[in-house]
Amino acid sequence: MRLSSSQIYTTALRGITNASAEVARTQEQIASGKRVLTPSDDPVASTRIMALESELTMSKQYQRNMDNVEGRLQRAETQIDNVEGVIDRVRELVIRAGSGALTNQDRQQITVEINQRLEELVDLTNAQDETGSYIFSGFKTNTPAFSAIGDNFSFQGDEGVRYESIANGLNMASSESGKALFADIATVNNNVSVAASVTNSSDVQVGRGLVVDQAAFDAVFPEDYAIIFNDTTSVVPVGPNYSIKRLSDGQLIGANLPYDLATPIVINGVEVTLSDIPNPTDSFVIESTNKENMLNTVQRISASMASFSDPVERSAFIGDALDNLSNIQESLLSGRGRIGARLNTLESARTSQQSLDLISTGVLDELQGLDDAEAISRLSFQSFILEAAQQSFVKVANLSLFNFLR
């Protein structure tokens, strides 16, 4: 078989190129410390390597989520702990106010500190995180959890709870709704909440609904009512007047009742005060409830503490106040219990995830790890082959008949 010069050069060049590629590949393996650099190096191992790398990447995200959840839960737990401290102090003040040796003037001085503690509670329930989001407002993170309308506090957030994935198939709540913690708290006696209709054309504010005759109110509980102000141009008597409608069946239980700003509206043992004279068609809703938010409870205690002259009535009030504060403490304790359980679960999930990462990392090292001694030995052999190919090409390239014609 005859070989042309071009074939000799092509074959030699191909050999040198292949040998150079093998040397370069081995050098890259040694530099990276990995045996499998491309899927073609080991297709089966490459598939498993990609799955393990994806798993480890997801694990890092789980770890970040765990850190976020832990931070939020610890921040909420700290605020709840601070609230518990304030409620404990209010309880001490109420017990002191129950002493028969004190006068109402002395009790009025006690209410000064209770009011200061109430302001502290407002700040704690409206706490914000490092991003400025309100901790206890649910999904309404830009809205304070509680706001005061007149002398009545109302929950402005929602019941939304944020969840984050902390492991494969495991989601954990990273927040506590202020409604469950501070708003839906059982009271010893049936109570009311009063609110102005959102369609009102005036800015008249409604005060706290006050149950002044518990027996009369209990007799109709849980009926709700609407106070509707009439158009005085077409009804008699002329002047501000209102009607009262029972919401369960829409029946009027009072019509065209004259309104005097200085005199509270009384409905079946419930007293309602307004800040001004409403416009015609303005309405106010009285809702019966056996629950009350923490801030209104403390405010009611402060407002009524020094108003009793009868020791028996005062003793009954103090007893109810202490029971209501106990209910608040139970709600806070339940909230801390839920947070504590989540933190324990979080720690278990973190330990489990770290163990899985350790196993995955070990398998990954076995699949793509490089035997350094073998690679260095192989590089030496491949370098030897490359040098031999280069030297043989030089000698073959000099084999020409023209060299013998000199």
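The values are calculated or read from the model by the stated rules, or taken from the named source; none is laboratory data. Bear in mind the structure is a predicted one, so any value in this text is a computation, not a measurement. Cβ: placed from backbone, ideal geometry, glycine included. Neighbour counts: every protein chain shown.
Between T11, T26, which is of a type outside the set (A, V, I, L, M), assigned to a helix (DSSP H, G or I), at pLDDT below 75 and touching a helix residue (DSSP H, G or I) at 6+ places or on another chain (Cβ under 8 Å)?
Matching residue, one of T11, T26: T26.
Using beta carbons and a limit of 6 Å, which pairs, at least six apart or on different chains, have the first residue in the range 337-352 and on the phi > 0 side of the Ramachandran plot and surrounded by fewer than 17 Cβ atoms within 10 Å (Cβ to Cβ) and the second one aliphatic (A, V, I, L, M) and outside any helix (DSSP H, G or I)?
Going by the 6 Å Cβ cut-off, there are no qualifying pairs.
Looking at this structure, is A226 surrounded by fewer than 19 Cβ atoms within 10 Å (Cβ to Cβ), at pLDDT below 90 and touching a Phe, Trp or Tyr at 6+ places or on another chain (Cβ under 9 Å)?
It is false that A226 is surrounded by fewer than 19 Cβ atoms within 10 Å (Cβ to Cβ), at pLDDT below 90 and touching a Phe, Trp or Tyr at 6+ places or on another chain (Cβ under 9 Å).
Quick check on this structure: which one of E313, E292, E287 is acidic (D, E) and crowded, with 18+ Cβ neighbours inside 10 Å?
After applying the criteria, what remains is E292.
Could you pull out the residue among S302, S334 that is assigned to a helix (DSSP H, G or I), within 32 Å of the chain's Cα centre (by Cα) and surrounded by fewer than 18 Cβ atoms within 10 Å (Cβ to Cβ)?
That would be S334, the only listed residue that is assigned to a helix (DSSP H, G or I), within 32 Å of the chain's Cα centre (by Cα) and surrounded by fewer than 18 Cβ atoms within 10 Å (Cβ to Cβ).
So which of S243, S202 is of a type in the set (G, A, S), within 30 Å of D123 (Cα to Cα) and surrounded by fewer than 18 Cβ atoms within 10 Å (Cβ to Cβ)?
Answer to the check: S202.
Here is a yes/no grid of residues against (1) surrounded by fewer than 18 Cβ atoms within 10 Å (Cβ to Cβ); (2) in a helix (DSSP H, G or I):
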position: G85; (1), (2): yes, yes
position: D88; (1), (2): yes, yes
position: R96; (1), (2): yes, yes
position: G100; (1), (2): yes, no
position: Q108; (1), (2): yes, yes
position: E113; (1), (2): yes, yes
position: Q116; (1), (2): yes, yes
position: L121; (1), (2): no, yes
position: F136; (1), (2): no, no
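How about the range 65-104: which of its residues are more than 23 Å from R338 (Cβ to Cβ) and free of Cβ contacts under 8 Å to residues at least 12 places away in the same chain?
Passing the criteria: E92, S99, A101, L102, T103.
Table: residues versus (1) at pLDDT below 90; (2) closer than 30 Å to R342 by Cα.
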residue	(1), (2)
D184	yes, yes
V198	yes, no
R208	yes, no
D218	no, no
F221	no, no
V235	yes, no
S243	no, no
V270	no, no
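Report, by residue number, each residue of the range 145-159 that is in contact with a Ser or Thr (Cβ under 7 Å, 6 or more places away or on another chain) and either outside any strand (DSSP E or B) or farther than 19 Å from D184 by Cα (or both).
A145, G150, Q156, G157, E159
Are any residues in the range 169-187 within 13 Å of the chain's Cα centre (by Cα) and in a loop (DSSP other than H, G, I, E, B), and if so, which ones?
Across the range 169-187, the qualifying residues are S174, S175, E176, S177.
Among the strands (runs of 3 or more DSSP E) lying completely within the range 193-291, list those that include at least 1 residues that are touching a Lys or Arg at 6+ places or on another chain (Cβ under 9 Å).
Counting at least 1 such residues, we get 225-229, 252-258, 270-272.
Looking at (1) closer than 30 Å to A76 by Cβ; (2) at pLDDT below 90; (3) surrounded by 12 or more Cβ atoms within 10 Å (Cβ to Cβ); (4) polar (S, T, N, Q), can you tell me which one T361 breaks?
(1)
For the range 109-141, how many residues are without any contact (Cβ under 8 Å) to a residue 24 or more places away in the chain and touching a Ser or Thr at 6+ places or on another chain (Cβ under 7 Å)?
The total comes to 3.
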